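To keep things clear, I will list the structure first and then write my remarks on it.
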Amino acid sequence: MPEGDTIAYAANRIRPVLAGRVPEQIVTPQPRHALDRWPERLRDRTVTAVDTHGKHLFVRFEGGLALHSHLGMTGAWGVYEPARAGLRPLAVQARQDRAGPTSSGWGRSPRRAWIVIRCEGHEIVEFDGPTLELLTAGRARFDQTLSALGPDVLASSFDADRFLRLVRGDDPTRTIGDALLDQRNVAGIGNIWKAEGCWEASVDPWRPVAGVCDEQVLAIVERVRPRMMRSARDGPRAIAARVYGRKGQPCPRCGAAIQARGQGDANRTTYWCPGCQA
Ligand SMILES: [Zn+2]
């Protein structure tokens, strides 16, 4: 699942194309969106901002309307220059599309495109994913998922006090690895950065929250933030995992073999080093 840095990377590619401009054309090719009338509702409106909170991305239009996406496991945003059509997409994909290039030049089947925004000769496309909706300002304010989100891990100044309060208010017997995945505690950390953060702070992800002191809880987030910010700027190649996906390989810090096991209700695989994470 794309994590906060991947979503922020997408926003960083979309923003220079759309912000401050009126898209020339907005198309929703799929019958599932035919009744939504987004092209009509968004016609002639300037894009005022493109921003993110955790894994949620917002394209904001004048008049208080915002396209809101959550990509889930399968979704992706793509940004394509017409000159590069048929070549590699410029922006983010949640996963490699094995179907290969298509006639659209998008690298994904046009049948999976929920929305296409054309502006300044670019095509911005959202594919797949569980959530793509047009929110009014009122709807956004009362959306329960959005209002329950914890502080954004990628915010320019992270609200560490609030994060700590939320973690301390969580079930103390829950493992710290599982608590970090809960977007109500901190928004934007997923399975990769949970594992990397625990490793950075030398904290065993299997410890119950009650057994991790405030300093260590904060260290997990503070140490991955710069790495996540680099990835948000430079793209997924900047992640350079130390433990994630490296089962059986030597820990870069102590040399012990990295372990992996499913954790939490969703049984997401956690990677950790038994040698230096206590
Ligand atoms: Zn180690």
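The numbers here are math on the coordinates, done by the rules we state, and not lab data. If you're wondering where the values come from, they're calculated on a predicted model, not measured in any experiment. Please note: Cβ atoms are built from the backbone with ideal geometry, for glycine as well, and neighbour counts cover all protein chains shown.
List of remarks:
- Annotation: amide H-H contacts under 5 Å for residue 268 (H modelled 1.01 Å from N, sequence separation of 5 or more, or interchain): 263.
- Shape metrics for the stretch 184-236, restricted to C-alpha atoms - Rg then Dmax, Å: 11.3, 36
- Computed from backbone phi, the HN-Hα couplings of the stretch 179-196 come to 4, 5, 7, 6, 5, 7, 8, 8, 9, x, 7, x, 5, 5, 6, 4, 5, 5 Hz, rounded to whole numbers (Karplus: 6.51 cos²θ - 1.76 cosθ + 1.60, θ = phi - 60°; Gly and Pro given as x).
- For the stretch 5-65, projected area of the alpha-carbon convex hull averaged over all directions, nm²: 4.6
- Local net charge near residue 8, Cβ-Cβ under 13 Å (Lys/Arg +1, Asp/Glu -1): +2
- Rg/Rh (Cα only; Kirkwood hydrodynamic radius) as it applies to the chain: 1.00
- Normalised contact order of the stretch 166-268, rounded percent, pairs of Cα under 8 Å and 6 or more residues apart: 24
- Comparing 244, 140, 49 along the charge dipole axis of the chain, the residue lying farthest to the positive side is 244, per the Cβ-charge model.
- Summing charges over neighbours of residue 160, with a neighbour being any other residue whose Cβ is under 14 Å away from its Cβ, gives -1 when K and R count +1 and D and E count -1.
- Residues whose placed amide H lies under 5 Å from that of residue 74, excluding near-sequence neighbours: 129
- Extension gain, residue 230 to residue 73, is 54.3 nm, computed as 0.36 nm per intervening residue step minus the present C-alpha separation.
- Taking a ≥ b ≥ c as the square roots of the eigenvalues of the alpha carbon gyration tensor, the stretch 209-252 is oblate, as a/c is not under 1.5 and a/b does not beat b/c.
- Built amide H within the under 5 Å cut-off of residue 170, gap 5+: none
- Considering only alpha-carbon pairs that sit under 8 angstrom and 6 or more positions apart, the relative contact order computed for the chain is 17 percent.
- Fewest neighbouring Cβ atoms within 10 Å first, the residues 21, 13 line up as 21, 13.
- Distance between the stretch 223-257 and the stretch 28-88 - C-alpha centres, whole angstrom: 30
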